[in-house]
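Peer 1: Pasting in a structure now, in structure tokens, and then I'll have a few things to ask.
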Amino acid sequence: MIVSLLASALLLTGTMTVVDKNGQRMLRAASPSEFLITFPRTLPTDFTVEVAAQGTNQARFFSGNFDWTTTLEVQGKPSDGNVGKTVESVSVGIVAGKALCKGTYNETMDTYQAGKLVSRATTVGTISGPGYALIEFGLGTDTHTGKPVYTITVSCPTHSGSVTSQSFVPGGSGSNDQIEAQPAEQGHHEWSTYPQLDLGNGQTLKGSTDDQHPDADPANNVSGRVKLTWALTRIAKP
């Protein structure tokens, strides 16, 4: 099957996705792949094509753990609008590059009108199944300039579970809906360490980060954190 990747590129074989890295759109390959590029005009007999390659996936040479906990909270005094909290906690075991995800997802969202609680939606879910691990080595550019760095990116399936809706309005009714998980996919439901100094000489990768959630919006009373921890050890050489 031929898949359109960009306006001028078609995937012929393999697995590739379009990702955003440092503000630039790039093609990421999850397996040996072939793609066709169509140029806007006829090329001369002699021509040169320059390709910027961003390392190769070294995950198969490592085993260990990669965990995350994310929180997102809509705060403020209830008047009109939503107040709630979302917490996701995932532990990913990685063995020779193969990732297995296991975690929980919990969300409660209350809706207010004129200062009165009118409805509540509660989501309880689980995260389970194979994930995808990407480990890249290189030299620092914007940060840690010229020094050896590594980046770990892990994606997992989305949560499955149920959403229970309650109505607190006289005569209102509730509901219970099921959520189906989506399989792990590069560029979706993933978290990255971003470039980290390689203090273990490519043998041990260990660290943690605690950053603001990308969906946080303090101006609108939305706060959140993303906490990552990881510890991986090289089990083989390339």
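The values are calculated or read from the model by the stated rules, or taken from the named source; none is laboratory data. For clarity, every value in this text was computed on a predicted model and none was experimentally measured. Note: ideal-geometry Cβ built from the backbone for every residue, glycine included; neighbour counts use all protein chains shown.
Peer 1: Taking region 205-235 as the search range and keeping residues that are of a type outside the set (A, V, I, L, M, F, W, C) and outside any strand (DSSP E or B), which one is nearest to residue 67 (Cα to Cα)? Quick ask: steps written out before the conclusion?
Peer 2: Taking region 205-235 and keeping what is of a type outside the set (A, V, I, L, M, F, W, C), we get 206-215, 217-218, 220-221, 223-225, 227, 229, 233-234.
Keeping just the survivors that are outside any strand (DSSP E or B) gives 213-215, 218, 220-221.
On the way: 213: 15, 214: 18, 215: 19, 218: 26, 220: 29, 221: 27 Å.
Checked region 205-235; the qualifying residue nearest to residue 67 (Cα to Cα) is 213.
Peer 1: Also: Where residues in region 29-66 are among the charged types (D, E, K, R) and either assigned by TED's automatic domain parsing to the domain that holds residue 133 or at pLDDT 70 or above (or both), which of them is farthest from the chain's Cα centre (by Cα)? Outline the logic, then answer.
Peer 2: Kept after step one, since they are among the charged types (D, E, K, R), are these residues of region 29-66: 34, 41, 46, 50, 60.
Those left that are additionally either assigned by TED's automatic domain parsing to the domain that holds residue 133 or at pLDDT 70 or above (or both): 34, 41, 46, 60.
Working: 34: 25, 41: 37, 46: 42, 60: 19 Å.
Among residues in region 29-66 that are among the charged types (D, E, K, R) and either assigned by TED's automatic domain parsing to the domain that holds residue 133 or at pLDDT 70 or above (or both), the one farthest from the chain's Cα centre (by Cα) is 46.
Peer 1: I need the full set of residues from region 149-171 which are closer than 13 Å to residue 129 by Cβ and out of contact with any Asp or Glu (no Cβ under 8 Å at 6 or more places or on another chain), in order please.
Peer 2: Across region 149-171, the qualifying residues are 157, 158.
Peer 1: If you don't mind, another one. State all residues of region 183-193 that are modelled with pLDDT of 95 or more and either loosely packed, with under 14 Cβ neighbours inside 10 Å or assigned to a strand (DSSP E or B) (or both); if no residue qualifies, say none.
Peer 2: Residues satisfying the conditions are 190, 191, 192.
Peer 1: Separate question: Taking residue 96 as the residue in question, decide whether it is in contact with a helix residue (DSSP H, G or I) (Cβ under 7 Å, 6 or more places away or on another chain), among the small types (Gly, Ala, Ser), at pLDDT 95 or above and in the same structural domain as residue 192 (by TED's automatic domain parsing). If you could, list the steps in order and put the result at the bottom.
Peer 2: On the way: in contact with a helix residue (DSSP H, G or I) (Cβ under 7 Å, 6 or more places away or on another chain): yes; among the small types (Gly, Ala, Ser): yes; at pLDDT 95 or above: yes; in the same structural domain as residue 192 (by TED's automatic domain parsing): yes.
Yes; evaluated as a whole, the condition is true for this residue.
Peer 1: While we're on this one: Please go through (1) touching a residue at least 60 places away in the same chain (Cβ under 8 Å); (2) of a type outside the set (Lys, Arg); (3) within 16 Å of residue 136 (Cβ to Cβ) for residue 195 and return the number of the only condition it doesn't satisfy.
Peer 2: Result: residue 195 passes all but (1).
Peer 1: Taking region 125-152 on its own, how many of its residues are within 30 Å of residue 108 (Cβ to Cβ) and over 16 Å from the mean Cα position of the chain (by Cα)?
Peer 2: Summing the residues that are within 30 Å of residue 108 (Cβ to Cβ) and over 16 Å from the mean Cα position of the chain (by Cα) in region 125-152 gives 2.
Peer 1: Give the residues of region 115-160 that are closer than 30 Å to residue 172 by Cα and touching a Lys or Arg at 6+ places or on another chain (Cβ under 9 Å), sorted by residue number.
Peer 2: So the first thing to find is which residues in region 115-160 are closer than 30 Å to residue 172 by Cα, and the list is 115-126, 159-160.
Result: 115, 126.
Peer 1: Let me spell it out: the conditions are (1) of a type in the set (Asp, Glu); (2) loosely packed, with under 15 Cβ neighbours inside 10 Å; (3) at pLDDT 95 or above, and residue 80 meets all of them except one. Which number is the exception?
Peer 2: (3)
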